[in-house]
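Nothing in this text is a laboratory measurement; each read-out follows from the coordinates by a stated rule. Fair warning: this is a prediction, and the values are worked out from it, not measured in the lab. In this analysis, Cβ positions are derived from the backbone assuming ideal geometry, glycine residues included, and neighbour counts consider all displayed protein chains.
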Amino acid sequence: MEALLLVLAIPLIGGLLLAIWGDREVGQDLNAAVSFLTLAAAVWLTAMVIRDGPLLVWGEWFFVDALNVFLVTLTAFVGFTTSLFSRPYMRVERDHGKMTPGRMRLYHSMYQLFNCMMLMALTTNNLGILWVAMEAATLTTVLLVSVYRTAASLEAAWKYFILCGVGIAQALFGTILLYLAAERAIGGGEDALLWTHLANAKHLLAPDILSLAFVFLLLGYGTKVGLVPVHNWLPDAHAEGPTPISAVLSGLLLNVALYAVLRCKVLADGALQNGLPGKIMIGFGLITVVAAAFFLSRQRDVKRMFAYSSIEHMGLMTFAFGMGGPVANFAGLLHMTVHALIKSAIFFAVGHAAQKAGSQAMEDIRGLIKVSPTVGWGLMLGSLAILGMPPFGVFASEFLILTTAMREYPWATPFLLIALGVAFAAIFSRVQPMVFGETSVRALAHPPALLPVFIHLGLGLMLGLYIPPYLNDWYEQAARMIGGG
Amino acid sequence: MFFWEPEVNTLLTQSINLFATGLLVLAFAMIAQRRILTLIHLFTLQGASLVAATLVVAYLTDQHHLYYSAAITFVLKVVLIPILLHRLIDRLNVRWDVETLFNIPTTMLIGIVLVIFAFNLATPIAGLSASIARGTLGIALASVLLSFLMMIVRAKAVPQVIGFLSMENGLFFAATAATSGMPMLVELGIAFDVLVGILILGVFMFQIREQFDSLDIRHLEKLKEE
């Protein structure tokens with residue numbers, strides 16, 4: 001209970017402090033320190049959950065169960081490593097004159113508040129508060145996407161705000177419909193939107209209302225997941241914002257949005273009993289995977305390309321959860337974890353590489369391995385890992401998803417294989433000359449933070465070979481909870 | 001208890017429909033309105049009819065938290081946001097701007113189709129609602145979709161934002177019409193998000209103006225797929 005309070009309070013207080021001191025030289029370190037404390041609190045919380053089981057606290061308004069405990073730790077962890085990466089990265093940006101003191105303050109403060117809002121969205125039991133936290137997470141990142149004030153970044157941020165605003169408004173309508181169903185089933189009042197109450201009474205929820213509510217919720221939160229055709233904001237926001245923000249958007253925010261969809265799917269499945277939510281998710285997931293793979297092969301900006309790769313992977317997860325059942329759900333949860341780790345590692349490497357080359361265009365980044373072997377190898381290994389090469393964790397989860405698809409939905413398998421093949425060819429053929437070949441890039445004043453890259457890749461590798469028993473338990477419990485199949 | 005109370009209550013129940021219709025008509029008016037200043041007036045009026053509808057529902061169902069909800073809506077949608085918008089258009093110097101809109105009749109026809117669609121979608125659900133204002137769920141959904149349409153067809157930043165806010169009005173109305181208002185804390189959270197959102201949008205518009213010397217969203221179409 002105290003641990004959960006700390007998990008939420010540390011980034012909040014940190015965000016307020018950094019709003020005052022974020023522009024000092026020490027701001028970078030303060031930011032990393034706050035993120036470290038958040039991670040420590042999250043580890044403590046996890047240890048408590050391992051020892052005592054799930055938590056349900058503060059008038060049942062907050063909870064930690066098998067589905068969100070690992071996401072909380074993952075969010076705090078990636079938040080911390082990204083803050084480490086951000087130190088040298090933002091120093092270079094400041095030296096290049098892209099970050100003024102005021103912008104630094106905004107950046108650090110919003111970074112912490114963004115983390116706080118994601119952790120709140122993950123741990124709240126109230127679907128209304130979940131909505132509020134998701135919207136607040138959007139608001140905190142909007143100004144970060146436009147922090148450089150270039151024409152392109154303003155456009156990206158405007159698109160991000162308007163598209164996600166419209167999306168999240170649809171999710172609000174879905175939440176209102178959910179409340180309407182709850183009012184009929186378990187009575188209204190302050191507790192009617194608590195997920196645990198709704199999940200206990202999910203068979204009583206009116207199917208007519210829930211089917212419409214789920215469509216709105218999926219479209220709404222799906223906008224933030226990056227599902228095609230409501231994905232347009234995502235590549236722009238990733239490409240134009242500072243790279244640490246691209247890393248946390250891809251690694252964390254998309255996961256949190258998908259988590260919201262999963263919570264809603266459990267309720268809709270229980271009420272409808274006909275597998276319709278799963279089928280809708282399969283449809284959206286498949287379209288997303290295929291469309292993203294083809295968009296991906298046409299990109300010239302390195303961050304845009306990996307943003308499309310994120311869309312592709314989110315589509316794959318949506319597809320997996322749509323199929324449902326213990327194996328596909330397990331694979332989806334594992335994929336959420338490894339994708340977050342590896343995609344943020346890639347963005348760290350890409351960030352340093354783009355700074356060295358002075359450009360995000362892939363044709364300008366050449367021969368990284370000669371100037372900076374670690375950045376080069378980080379990018380190469382990260383790309384191989386995200387493309388699903390064994391023994392990385394992505395291989396394990398994609399393998400499970402594909403074998404389940406062959407058994408349950410054989411018609412979908414060729415589409416998935418083609419999409420994965422196209423993505424492989426596209427990313428590998430572009431990363432290869434960026435890493436090897438003749439070089440034109442230069443060294444930078446501040447040494448890059450490469451520890452996070454290799455820690456992430458190491459963990460991604462570990463999850464491909466060995467999943468710790470308690471993590472395995474959580475995945476299995478959560479997979480049962482999500483159900484379907 | 002007065003002998004005329006049932007009649008008054010019937011009248012009040014009907015007045016909810018009246019205010020709901022007002023919301024919808026105003027949503028249509030906003031789509032066709034070219035002058036930014038009038039647009040803000042229309043938005044304020046829409047907020048006012050939302051407050052009135054919420055108050056009537058609160059009185060009829062005797063739910064005290066709906067009075068608070070009406071108060072929040074009043075402060076936010078009728079006072080604070082319109083003041084912010086007025087200051088914004090003054091400082092951006094676009095108070096007397098007139099936007100050229102193409103194809104108003106076509107847009108209106110699309111709007112009518114949207115309304116029919118919304119009513120069809122809402123009919124089976126409205127029957128399940130226990131709220132006295134359940135017939136108005138269709139209207140709420142229709143005004144959400146109309147605001148959505150407005151955001152698509154408008155090319156300038158301020159009207160797009162007003163479309164966004166008007167969509168929020170429709171959603172709040174849905175919450176009062178279909179249910180008897182969301183839980184208080186959730187409603188406060190939503191109101192807070194809306195307020196922060198409009199402040200950020202205000203900051204944004206200055207940034208856009210600084211960058212492009214115009215608030216035309218058509219400048220924001222450089223990022224395209226190759």
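Tabulated results
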{"read-out": "Loop sites in segment B:58-137: trypsin sites (Lys or Arg not before Pro), DSSP, at most 16 other Cβ within 10 Å", "value": "B:95"}
{"read-out": "Helix B:64-73 axis, angle to chain B major axis (alpha carbon atoms, nearest 10°)", "value": "20"}
{"read-out": "Helical mean residue ellipticity (222 nm; -39500 (n - 2.57) per DSSP H run of 4+; nearest 500) of chain B", "value": "-25500 deg cm²/dmol"}
{"read-out": "Highest-MSF residue in chain B out of B:81, B:112, B:31 [GNM, Cα springs under 10 Å]", "value": "B:112"}
{"read-out": "Volume of the Cα convex hull of segment A:29-175, divided per residue and given in Å³", "value": "109"}
{"read-out": "Which of A:131, A:44 has the fewest Cβ neighbours within 10 Å, and the rest in rising order", "value": "A:44, A:131"}
{"read-out": "Average Cα contact separation per residue, segment B:9-219, under 8 Å, 6 or more apart, as relative contact order %", "value": "25"}
{"read-out": "Full-extension gain in nm, residue B:120 to residue B:11, via 0.36 nm per residue minus C-alpha separation", "value": "36.6 nm"}
{"read-out": "Acute angle (nearest 10 degrees) that the helix A:151-186 long axis makes with the longest principal axis of chain A, alpha-carbon atoms", "value": "20"}
{"read-out": "Within chain A, longest stretch clear of exposed GluC sites (Glu not before Pro) (DSSP loop, no more than 11 other Cβ within 10 Å)", "value": "A:26-437"}
{"read-out": "Rounded FRET efficiency, nearest 0.05, which uses the C-beta distance separating residue B:192 from residue A:472 and R0 of 41 Å", "value": "0.55"}
{"read-out": "Of every Cα-Cα pair in chain B, the percent that sits beyond 30 Å", "value": "27"}
{"read-out": "Set A:343/B:156; A:224/B:156; A:98/A:159; A:98/A:356; A:265/A:303 screened for pairs whose C-alpha atoms are more than 26 Å apart", "value": "A:343/B:156; A:265/A:303"}
{"read-out": "Per-residue ³J(HN,Hα) for segment B:97-102, Karplus 6.51 cos²θ - 1.76 cosθ + 1.60, θ = phi - 60°, Hz, x for Gly and Pro", "value": "5, 10, 9, 7, 10, 9"}
{"read-out": "Scattering profile of segment A:48-127 at q = 0.17 Å⁻¹ [log10 I(q)/I(0), Debye over alpha-carbon scatterers]", "value": "-0.75"}
{"read-out": "Chain B: most fluctuating residue of B:102, B:206, B:148 per GNM, C-alpha cutoff 10 Å", "value": "B:102"}
{"read-out": "Fraction of alpha-carbon pairs over 32 Å apart in the protein assembly as shown - percent", "value": "51"}
{"read-out": "Length added when fully stretched, residue A:429-residue A:455, from 0.36 nm per residue minus Cα-Cα", "value": "6.8 nm"}
{"read-out": "Mean residue ellipticity (222 nm) of chain A, computed from DSSP H runs ≥ 4 via -39,500 (n - 2.57), nearest 500", "value": "-26500 deg cm²/dmol"}
{"read-out": "Between helix A:302-323 and chain A: long-axis angle, C-alpha atoms, 0 to 90°, nearest 10", "value": "20"}
{"read-out": "Whole-Å semi-axes of segment A:275-485's equivalent ellipsoid (Cα gyration tensor)", "value": "33, 19, 12"}
{"read-out": "Gaussian network model of chain B, springs between alpha carbon atoms under 10 Å - residue of B:76, B:39, B:101 with greatest fluctuation", "value": "B:101"}
{"read-out": "Exercise: per-residue mean of other protein chain Cβ atoms within 10 Å, A:207-216", "value": "2"}
{"read-out": "Relative compactness, segment B:152-226, computed as alpha-carbon Rg over 2.2 N^0.38 Å", "value": "1.41"}
{"read-out": "Other-chain or far-sequence residues with amide H under 5 Å of residue A:62's (modelled H)", "value": "A:57, A:125"}
